[in-house]
Amino acid sequence: MGPRNSAIQMTILLAIVYLLMTANFEPINLAFSLIIGLGISSLVRPQHLSIQWRRLPIALAAIAGYLIYMLVDMWKSSLQVGRILLDPRLPIKPGIINIHSGSESEMAIALSAHAISLTPGELVVEMDDQGEMYAHCLDISQAEELIAEAQKVRRSFLNQIFE
């Protein structure tokens, strides 16, 4: 199955998702869903992904671990940001730090940046072609070490999922 089949599959999948979201199955909407699916799949240019069935249990376990880790990380960060905001002295030292993604997969790099941005008090403001991310942190006094450690854990999960 080549890139053309992947594009056709993606177009059909996107059209189905669009139809399910709109719950409108009139002929004009069917045609419109195919146009939208074709437009998005031509912009994205899907690559053929072969599923390695023997790796599937490892990838599913890594996805579950990644989601649990993200939820715990967001909860702990929310408490830290709340503590900072409720302190009358507002003890913050904002700044921008450099974080290396440490992954070859574009999807893993994007998910890593997304995870950093989801974490309260942190926001990826720029990424370069080599996977370097620049994140604004509410308090950089300990952020560099904490984010580096969190990035190592996320990288481990993402590498198990995508490699």
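Read-outs: derived from the displayed coordinates by stated rules, not from any lab. From a predicted model like this one, the values you see are computed outputs, not experimental measurements.
Measuring between their Cα centroids, region 75-127 and region 137-163 lie 9 Å from each other. What is the helix-to-structure angle for 3-22, meaning the angle in degrees between its Cα long axis and the longest Cα principal axis of the chain, kept from 0 to 90 and rounded to the nearest 10? In the chain, helix 3-22 runs at an angle near 80 degrees to the longest axis.
Over every Cα atom in region 3-44, the radius of gyration and the widest Cα-Cα span, Dmax, amount to 9.9, 30 Å.
For the chain, the longest principal axis of the Cα atoms and the long axis of helix 106-118 meet at an angle of about 50 degrees.
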